[in-house]
Amino acid sequence: EVQLVESGGGLVQPGGSLRVSCAASGFTFSTSWMHWVRQRPGEGFFWVSRISDDGNRKDYADSVAGRFTVSRDNGMSTMYLQMNSLRVDDTATYYCVRDQTGTGDYWGKGTLVTVS
Amino acid sequence: DIVMTQTPLSLSVTPGQAASISCKSSQSLLNSVGKTYLSWFLQKPGQSPQLLIHEVSRRFSGVPARFSGSGSGTDFTLEISRVEAEDVGVYHCMSGLSLPWTFGQGTKVEI
């Protein structure tokens, strides 16, 4: 069974930093591209970042580029999102999503990041 | 970025009745090799999204046959043939044609 479990969310002050993690199991993590998608309270979804299977290709939404860094450890089957210079409008639940050509087929339960 | 527009934003349905949600994209979601990357997700209350339909009309593993997707180019529809109580939640369409993925505003379905 595919499982994606996010962790590391919490309360942080504006300008602060936080690293969230996504632990994967039930599939071959090292051959899967992965995404981060966030959802502000009561709002729709917003794509944040994507990382290739080998970690060499990384893409970011314009609003987080230069502040957020995605990475992965295939040996630990874990993806990370390092978030720096956090703003109030970064407050959201951050979801880890497995890429399946043109869509995301499995989503984690999410981790809440509150910037206040 | 591709803009996704869903209608209606809310829908009240009677169990056993049919329901339909529309999604329009600001540009065609057809790629150069003939694939159209339009997906539908359901976010049940308090849960993370679950994939229902991908590539316009392909049901994801385990999704009941009462869910179907149709459309082409920029106009797409999700239909639920006979709504059940467990189908309540917010339905989202998504463009996966290119980055950034973009999503519709969501359609809240309630019984």
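Read-outs throughout are calculated quantities, based only on the coordinates presented, and are distinct from any laboratory measurement. This is a predicted model, so every value here is computed, not measured. Positions of Cβ are backbone-derived with ideal geometry, glycine not excepted, and every protein chain shown enters the neighbour counts.
If each of A:Gln100 and B:Arg58 carries a label point 7 Å out from its Cα toward its Cβ, how far apart are those two points in nm?
Label at A:Gln100, label at B:Arg58, 0.9 nm between them.
Over chain A, calculate the relative contact order: mean separation of alpha carbon pairs under 8 Å at least 6 apart, over the residue count, as a percent.
After rounding, I find 36 percent.
Summarise the partner chain shielding of B:94-103 as one whole number: the mean count of Cβ atoms from other chains within 10 Å of each residue's Cβ.
Mean shielding by partner chains, rounded to a whole number: 6.
Could you name the lysines whose alpha carbon sits less than 19 Å from that of B:Lys35, not counting residues in the same chain fewer than 8 places away?
B:Lys24
Got the relative contact order for segment B:9-97 handy, in percent, Cα pairs under 8 Å and 6 or more residues apart?
Relative CO of segment B:9-97 lands at 40 percent.
Give me the distance in nm between label points sitting 7 Å out from Cα along the Cα-to-Cβ direction at B:Val88 and A:Asp89, one decimal.
Distance between label points: 3.4 nm.
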